[in-house]
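One structure is given below, encoded as structure tokens.
All of the numbers you see were taken from the coordinates with simple rules; none came from a lab. Since this is a predicted model, take the numbers as computed values, not measurements. Virtual Cβ from ideal backbone geometry, glycine too; neighbours counted across all protein chains shown.
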Amino acid sequence: MSFRVYHAIIINMKFTAVYKKHKNWYLGWVEEIPGVNTQGETLKEAKSNLKEALGLVLEANKTLSRKLSPSTRTIREFITPTASHS
């Protein structure tokens, strides 16, 4: 898959960003993906940092997956999650 196609898919994904003020910092994390979290001195900085962290984690996960399963017998396909009932 080309970077352009992969980039377009990531842009169309939606995640839930959560922000919380803690003392002089804003903390942020993505509910759906463990490990995607950040902080910033302002809400704007925390939002920017979280977008960057999300992109880095998604790219790292993809790279690790391909290194662990490089076999031609590996099947990769796009899936769409079912709606949450929460």
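Brief remarks follow.
- A dipole drawn for region 27-86 from +1 and -1 charges on Cβ atoms has a positive end, and of Thr80, Leu64, Trp29 the residue lying farthest that way is Leu64.
- Lysines whose Cα lies under 18 Å from that of Lys20, excluding same-chain neighbours fewer than 8 positions away: Lys44, Lys47, Lys51
- Label sites at Glu32 and Thr80, each approximated as a point 7 angstrom past Cα along Cα to Cβ, lie 1.3 nm apart.
- Sorting 24-34, 68-78 by average packing, meaning the other beta carbons within 10 Å per residue, from highest down gives 24-34, 68-78.
- If you plug the beta carbon distance of Thr42 and Asn12 into 1/(1 + (r/R0)^6) with R0 = 30 Å, you get a FRET efficiency near 0.60.
- Radius 12 Å from Cβ of Ala60, net charge of other residues (Lys, Arg +1; Asp, Glu -1): +2
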